[in-house]
Amino acid sequence: MWKLDQDEDFFRVFDKNHRIAGYFVPDYGNIVPEEKAAEVIEQMHKNHDPISGGYLTVPMVKFGMFDSDDEMDVLYVHSMLDGAIRRVNMWKEFLLQSQMQHGIRMAHTDQDMLSLTFPIKFKAPTPLEKKKILETISPTLDMLHEKGLL
């Protein structure tokens with residue numbers, strides 16, 4: 001159901017319809033010296049070095065009204081905000097129930113969307129290889145999908 005594509009030091013996550021579902025950024029550990037980070041990370045990928053986890057960023061809520069200069073009326077604005085609040089409440093319930101550490105910010109690719117980032121800790125070190133990482137993060141993606149969050 002999911003597909004990963006590597007882009008430099010992170011992976012794009014796609015759903016079965018080839019739509020972007022999120023991003024996974026591996027935790028590469030403490031790289032010293034920092035100036036060599038790009039080279040070290042590239043070598044880690046080539047060697048399929050094991051990682052202990054990373055960060056998953058997924059879309060949280062799209063407002064549907066900040067990406068155009070079109071005029072809106074109050075009913076449209078109310079409807080869009082009401083839908084956004086319902087979506088935020090779904091995430092709030094899930095996050096409070098799971099007591100998950102997370103961060104929310106404006107999506108870097110869409111000024112009309114908030115994205116949510118949370119850490120994923122693997123049960124065992126996992127090689128920096130698309131197939132292995134996908135196997136490891138798929139249960140989380142599946143669970144978010146089943147709950148209507150993704």
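Looking across the stretch 110-144, the residues that are among the polar types (S, T, N, Q) and in contact (Cβ under 8 Å) with a residue 24 or more places away in the chain come down to GLN111, SER115, THR117, THR126, SER138, THR140. Among the residues of the stretch 85-108, are any among the polar types (S, T, N, Q), touching a residue at least 12 places away in the same chain (Cβ under 8 Å) and surrounded by fewer than 12 Cβ atoms within 10 Å (Cβ to Cβ)? Yes, some residue in the stretch 85-108 is among the polar types (S, T, N, Q), touching a residue at least 12 places away in the same chain (Cβ under 8 Å) and surrounded by fewer than 12 Cβ atoms within 10 Å (Cβ to Cβ). Hey, can you tell me all the residues within the stretch 54-71 that are open to solvent by 80 Å² or more (accessible area, probe 1.4 Å) and out of contact with any strand residue (DSSP E or B) (no Cβ under 7 Å at 6 or more places or on another chain)? Matches in the stretch 54-71: PHE66, ASP67, ASP69, ASP70, GLU71.
For the stretch 127-146, state whether one or more residues are at pLDDT 95 or above, part of a strand (DSSP E or B) and open to solvent by 30 Å² or more (accessible area, probe 1.4 Å). Yes, the stretch 127-146 contains at least one residue that is at pLDDT 95 or above, part of a strand (DSSP E or B) and open to solvent by 30 Å² or more (accessible area, probe 1.4 Å).
Among the residues of this structure, ASP9 counts as one that is open to solvent by 50 Å² or more (accessible area, probe 1.4 Å) and in contact with a helix residue (DSSP H, G or I) (Cβ under 8 Å, 6 or more places away or on another chain).
Every condition in (1) in contact with a Pro (Cβ under 6 Å, 6 or more places away or on another chain); (2) under 14 Å from TYR23 (Cβ atoms) is met by ILE120 except one, and the failing one is (1).
Screening VAL88 on (1) under 21 Å from the mean Cα position of the chain (by Cα); (2) β-branched (Val, Ile, Thr); (3) more than 19 Å from LEU144 (Cα to Cα) shows it passes everything except condition (3).
Can we say ILE41 is open to solvent by less than 30 Å² (accessible area, probe 1.4 Å) and over 13 Å from ILE137 (Cβ atoms)? Yes, satisfied.
The values are calculated or read from the model by the stated rules, or taken from the named source; none is laboratory data. What you see is a predicted model, and the numbers here were worked out from it, not measured in a lab. All Cβ positions, glycine included, derive from the backbone under ideal geometry; neighbour counts span all protein chains shown. Remember, those area values only see protein heavy atoms, side chains included, never the ligands or the DNA or RNA. Shrake-Rupley method; radii C 1.70, N 1.55, O 1.52, S 1.80 Å.
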